[in-house]
Amino acid sequence: MRTIDETAATILEPPKGMLVVDEYAEALVGADRAHRFTEAVLHTEGLGDYVSAVLLTPEAFAALRPSGSRPLIGVRMTTPEISLAHLAGRGAAFAEWRENLSPLDVPLGSVHIGAEVLARGAAAAQAAGILPVLTIAMPELGASSITVSQAVTTNALLALRAELDRVGVDPSRLLLRINMVIPGLSNPVPVDSEQVARLTTALLEKGVPAQTPGVLLLSGGQPLDQACARLQAIAADPGHPWQVTYGFSRSLVAEAAEAWGRAQNAAESGRVLLQNCKRASESVAAALVSSGARS
């Protein structure tokens, strides 16, 4: 069994990243086809050239057939009843916690994540010898500005950091998965990749401990080309102490899942998925070259 440090290093191996095949993808293909789609994704020839890890729902993970020739597999922790020891025994390399609150349920002056739930999950995972991945996702607020996104995400990140410190979680033995600082999808004010990179890097520097080995960025509903351009701009900054790569879901799997849902065409679905993952990986590679690093 890999150590937590070895798992983190494998996930962050440049220029690879994390593919998230979650409830969104399952909804696209239909509940009755979700398992077959997940198996097809994991057996896509060449996937490991661009993807180091795949995050699955508990249901998809439970249905997997044993295999040693694929990227690392992790599980989204959706209920407290899921046993970390059981997941580790079945080959899960990491566990992800994501506890978003509806904007309507957030008290004035509070944050949109369940920081206590994330911190307790991270502590339990570290105690069990499993790498915790903690996700902060900006709620979709329609026409919200980029400054609102920055403020909401920064407040959530700082709340999480404070709770991790309070619980005694080791920041060097976890990964953070977080949204880029972008405006709401219906906001009409254009922003360029450099502005997104500047604001995202600023919030990461403010809230991510230097000991944390890496940050995985969400695509947040952006088209793939746009998400990759912004990923590249953020990852190219040579000054931050943690590695930056992708932890995309929708932008990588949507087109492939739609193709599968129409005809269950594994060949076409796999071709599209591989092409998208290659595009994301190439963005990380280009960022490393421009920052003077080498993969």
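Here GLU116 and ALA267 are evaluated by their C-beta separation; at R0 = 35 Å the FRET efficiency comes out at 0.15. Note on semi-axes √(5λ) of the Cα gyration tensor in Å: of the candidates (i) 26, 23, 20; (ii) 31, 22, 18; (iii) 46, 24, 16, the value calculated from this structure sits at (i).
Considering only protein heavy atoms and a 1.4 Å probe, what is the carbon-and-sulfur percentage of the accessible area of the chain?
On the way: 6600 of 12570 Å².
Carbon plus sulfur share of accessible area: 53 percent.
Ordering ALA27, GLY17, LEU64 by Cα displacement along the dipole of segment 1-93 toward the positive end leaves LEU64 in first place; charges were set at the Cβ atoms of Lys, Arg (+1) and Asp, Glu (-1).
Normalising the average separation of contacting C-alpha pairs (under 8 angstrom, six or more residues apart) by the number of residues puts the relative contact order of segment 183-243 at 51 percent. A DSSP coil position with no more than 16 other Cβ atoms inside 10 Å describes the following GluC sites (Glu not before Pro) in segment 74-135: GLU81. Dividing the convex hull volume of the alpha carbon atoms of segment 110-183 by its residue count gives 77 Å³ per residue. Model label points for ARG36 and GLU194, set 7 angstrom from Cα along the Cα-to-Cβ axis, are 5.0 nm apart.
Summary of the geometry: segment 101-149 and segment 213-228, compared by the centres of their Cα atoms, lie 17 Å apart. Relative to the Cα centre, the charge distribution of the chain, modelled as +1 at Lys and Arg Cβ and -1 at Asp and Glu Cβ, gives a dipole magnitude of about 340 debye.
The accessible-area ordering, largest first, of the residues MET1, MET77, MET18 stands as MET1, MET77, MET18, per a 1.4 angstrom probe.
From Cα pairs below 8 angstrom and at least 6 apart in sequence, can you work out the relative contact order of segment 19-112, rounded to a whole percent?
Relative contact order here is 23 percent.
In a fully extended conformation the segment linking ALA63 and ALA143 would gain 24.8 nm over its present Cα-Cα distance, using 0.36 nm per residue.
Over segment 5-56, Cα pairs under 8 Å with separation of 6+ residues give a relative contact order of 58 percent.
How much length is gained on full extension from THR79 to ASP225, taking 0.36 nm per residue of separation minus their Cα-Cα distance? Walk me through the numbers before you get to the answer.
Numbers: separation 146, 0.36 × 146 = 52.56 nm, distance 3.41 nm.
Using 0.36 nm per residue and subtracting the Cα-Cα distance, I get 49.1 nm.
Each Lys and Arg adds +1 at its Cβ and each Asp and Glu adds -1 at its Cβ; summed about the Cα centre, segment 1-129 shows a dipole of about 260 debye.
Within the chain, helices built from complete DSSP H runs that reach 27 Å or longer along their own axis (Cα positions) and carry a mean Kyte-Doolittle hydropathy of 0.5 or higher are 146-167.
The values are calculated or read from the model by the stated rules, or taken from the named source; none is laboratory data. Just so we're clear, the structure is a prediction, and the values are computed from it rather than from any experiment. Cβ sites come from the backbone with ideal geometry, for glycine too, and all protein chains shown count toward neighbours. The area values use the complete protein model at the heavy-atom level, side chains included, leaving out ligands, DNA and RNA. Shrake-Rupley method; radii C 1.70, N 1.55, O 1.52, S 1.80 Å.
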